[in-house]
Amino acid sequence: MTKRSDIDALRGLSGVLWNVAVDEHAAGFLKRRDLLKYAMLIGLTGFATSQGLGFSSPARAAGKPGGTVRVGLDQPTAAIDPILVTDPASIALISQVGEYLLLDDPKDGLLPRLAVSWEADETAQRWTFKLRQGVKFNDGRAVTAKDVVASFERLVDPKSGSSALSAYKGILSKGGIRQVDEQTVAFELDAPNSNFPFYVSSDVVNAIILPADYNGDFEKTFIGTGPFKLESFRPKQGATFVRNPDYWGEQALPDKVEIKFFDDSQAQLLALQAGQLDVIPETTRSSLAIEGNPAFRIISVQASSHDEVHLRTDQAPFTDKRVRRALALTIDREAVVKGLLKGRAIVGNDTPFAPIFPSSDPSVPQRKQDLAEAKRLLGEAGLANGFDVTLTTERAYDIPDYAVLIQNFAKKAGINIKLNVLPQDAYYGSATFGSSPWLDSVLGITDFGHRGTPDIFLNATLKSSGTWNAAHFNNPTYDGLLLDYSKARDLQAQRLVAGKIQNLLLDETPLIISYFSQYSRITSAKIEGVRFTAISHLLLDRASFA
């Protein structure tokens with residue numbers, strides 16, 4: 001909580017919309033990181049930071065310089081190219097050297113990195129970012145607005161094959177980014193969006209700033225502006241990074257980061273237990289193996305990550321919303337969180353509005369298991385004897401086990417589910433409608449990684465034209481509310497529209513989202529200062545050994 005003298009000073013910084021957020025923070029309803037978000041939304045972040053009003057980067061505990069941090073990661077799924085990466089291992093790799101205009105910090109929200117301030121016009125359709133001076137790529141070249149423009153033009157160019165195209169669809173198009181001067185970049189959006197700074201932050205993992213002349217040879221140099229630079233990269237084996245002596249910010253504490261790739265999580269766990277690694281990803285099996293052992297730590301951050309169940313609203317039996325609601329009512333969400341996820345999650349309510357989003361409306365009733373109501377709805381829909389359906393999903397994480405739980409819950413209401421669990425590559429197929437089990441199956445489960453704002457989920461998975469709309473949900477009222485939400489400029493206005501969206505989705509139930517997971521890593525107890533985001537960035541510049 002910001003202290004009282006700072007609260008009084010904050011109230012004078014802008015008009016009524018800002019003061020609403022300040023009052024909610026003073027009353028304890030809005031966390032510091034969320035107050036920062038609203039400062040950002042109306043262009044106050046740079047000014048508030050310069051005035052020392054609690055918006056600077058978080059204080060860093062002093063650590064002991066030196067040493068080598070040894071990290072275990074899964075095998076990257078393809079060649080490392082920031083424009084194309086999607087898998088956790090590749091994201092962890094590029095975060096050693098790559099930086100974003102903004103960092104979405106799990107604790108403190110959006111923090112300046114290569115941008116020091118940003119503001120929107122009155123419509124929230126034109127955004128201007130001021131760049132940090134004195135930043136160099138690790139090959140010695142200065143970073144300018146030209147590099148930033150080129151980086152985003154690549155990401156929104158359909159010809160690039162960028163993995164960020166889904167995030168930017170309907171938000172930002174080629175030609176919408178321009179250089180104002182050497183240190184200033186302007187973004188002209190396709191439509192107003194009050195959360196746009198999240199789209200140039202670490203929430204879009206592909207949006208690290210690369211040189212204007214970048215030509216796709218990333219594995220040769222690992223070009224970037226971050227606290228480490230490449231020493232060596234060995235495909236299928238690992239990579240080594242050393243401290244970047246020309247880094248613009250505080251020098252990294254470790255001398256070196258050594259990353260080793262593994263084909264399975266059990267081998268990572270054994271290497272950690274043998275003292276050969278300091279940091280590994282967390283899995284259900286590994287956390288159970290080390291839980292209670294003082295030699296190791298499980299470090300977690302709450303995320304908006306979720307495993308989304310889609311129901312094809314354009315195919316029987318799910319053309320009837322009563323049938324969709326009935327299936328959702330069979331699930332015991334609390335039991336899933338406590339049992340499958342070992343308490344490292346929070347209950348979801350069948351909308352992308354995770355409780356961690358400040359715009360979520362907490363007054364919307366929480367859906368709970370109700371088998372009697374599920375059976376009543378099925379009977380009303382003419383399916384009193386239940387029905388048979390195939391659930392198609394991916395062999396990844398805890399999803400196959402979750403699918404079995406759904407199968408067992410549904411059976412209690414007479415719904416017989418046959419499971420079709422595919423390898424990930426087969427499940428996603430070409431990731432286009434008509435040639436993807438993900439997007440074409442009548443019932444499926446898909447994992448979605450963390451985002452700092454619900455916008456991408458709301459647009460990509462539920463908008464009529466959404467590129468990830470596996471439910472084939474087509475609802476003009478929803479699309480209109482989504483536009484209202486994107487235009488809202490203060491917390492109260494966002495929450496008002498969010499409540500309408502949440503209630504509409506509970507009624508229609510194109511998706512079942514029964515939990516939002518935490519994101520965790522496991523470390524040796526000998527290492528401190530390991531930080532990470534819920535979308536797989538691994539930040540090791542403040543890591544140190546006791």
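Listing for the model above:
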item	result
Mean separation of Cα contacts under 8 Å, 6 or more apart, over the residue count of the chain: relative contact order %	19
Under 24 Å from the Cα of residue 412 - lysines, other chains or at least 8 residues apart	321, 338, 342, 368, 375
Local electrostatic count, residue 538, Cβ distance below 9 Å [Lys/Arg +1, Asp/Glu -1]	+2
Spatial separation of Cα centroids for region 200-274 and region 124-146, in angstrom	21
For region 396-546, accessible area per residue (1.4 Å probe, heavy atoms of protein chains only), Å²	34
Selected from 277, 477, 103, residue furthest toward positive end of dipole (the chain; charges at beta carbon)	277
Cβ-based net charge around residue 441, under 13 Å, with every Lys or Arg adding one and every Asp or Glu removing one	-2
Diffusion constant of the chain at 37 °C, which comes from Stokes-Einstein with the Kirkwood Cα-pair radius and 0.692 mPa s, µm²/s	135
Label-point separation in nm, residue 395 to residue 425, each point 7 Å along Cα→Cβ	1.2
Net dipole in debye of region 300-409 [+1 Lys, Arg Cβ; -1 Asp, Glu Cβ; about Cα centre; nearest 20]	180
Solvent-accessible area, 1.4 Å probe, carbon plus sulfur percent, for the chain	51
Options 288, 328, 303, ranked by Cα towards positive dipole end of region 281-334, top entry (Cβ charges)	328
Estimated dipole of the chain in Debye, rounded to 20 [Cβ of Lys and Arg +1, of Asp and Glu -1, Cα centre]	880
Point-charge dipole on Cβ atoms (K/R +1, D/E -1) for region 330-377, about Cα centre, debye to 20	200
Radius 10 Å from Cβ of residue 508, net charge of other residues (Lys, Arg +1; Asp, Glu -1)	+1
Alpha carbon convex hull of region 190-276, volume per residue in cubic angstrom	189
Cα-based Kirkwood hydrodynamic radius, region 76-167, one decimal, Å	15.0
Å² per residue, accessible surface of region 122-196 at 1.4 Å	43
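The values are calculated or read from the model by the stated rules, or taken from the named source; none is laboratory data. All of these numbers come straight from a predicted model, not from anything done at the bench. When we count neighbours, we look across all protein chains shown, and the Cβ atoms used for this are built from the backbone with ideal geometry, even at glycine. Just the protein is used for accessible areas: all its heavy atoms, side chains included, with ligands, DNA and RNA removed. Shrake-Rupley method; radii C 1.70, N 1.55, O 1.52, S 1.80 Å.
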